[in-house]
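The values are calculated or read from the model by the stated rules, or taken from the named source; none is laboratory data. Quick caveat: nothing in here was measured; it's all calculated off a predicted structure. Cβ: placed from backbone, ideal geometry, glycine included. Neighbour counts: every protein chain shown.
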Amino acid sequence: MTRLFDVPVGRAITLGGAVMFGVFFLGAVVGTAVAGQDGAFLVAGVLAYAFLAYVVVIVGAAWLRRPRGAQRVVADVLKAHPELGDHLGEPIRAEVPANALEGQGHTTLTVPLTGERGTGTLELSLVRLEREWEVLDAALIAGGTRVPLAGPRR
């Protein structure tokens, strides 16, 4: 089941729809043979509601698993600075502290990073503008040296 949640939402819904259509086809054939046209209508109604429930589960799981707060900021920094992979190796895993950006206006966030070739710490100086966090300064500390990261790339 976790593999299904790792698939992009659109693809998961499309795959689920294809499976439901196949089940509908078989159910309609059997329903028509057993109970006539009413059997096919019953199968269609049940599978329509089953598909709607499936879509709600997939979209809800994607919404709950979306990165929030500190996770989103760190993910954006990792995506915007591929040179982090040159220092630590790919893939990079970040241990983002839970609830690190709760309601503050300005903060410094230190995030331990682990890559294929080593470990380091990502230091972020952040300010909250309206509802979003903006990175003022970012640096990687690895092997005792501080490597400043360029400004945000968009």
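Odds and ends about this structure:
- The stretch 49-69, subset free of Cβ contacts under 8 Å to residues at least 60 places away in the same chain and either of a type in the set (Gly, Ala, Ser) or not in a helix (DSSP H, G or I) (or both), residue farthest from GLU123 (Cα to Cα): ALA50
- Breaking point among (1) surrounded by 12 or more Cβ atoms within 10 Å (Cβ to Cβ); (2) assigned to a strand (DSSP E or B), for VAL46: (2)
- Scanning the stretch 79-92 for residues that are free of Cβ contacts under 8 Å to residues at least 24 places away in the same chain and crowded, with 16+ Cβ neighbours inside 10 Å yields a single hit, ILE92.
- Filter result for the condition that a residue is of a type outside the set (Gly, Ala, Ser) and in contact with a strand residue (DSSP E or B) (Cβ under 9 Å, 6 or more places away or on another chain), over VAL23, VAL73, VAL55: VAL73
- All of ALA62, ALA35, ALA12 fail the test of being more than 33 Å from the chain's Cα centre (by Cα) and modelled with pLDDT under 90, apart from ALA35.
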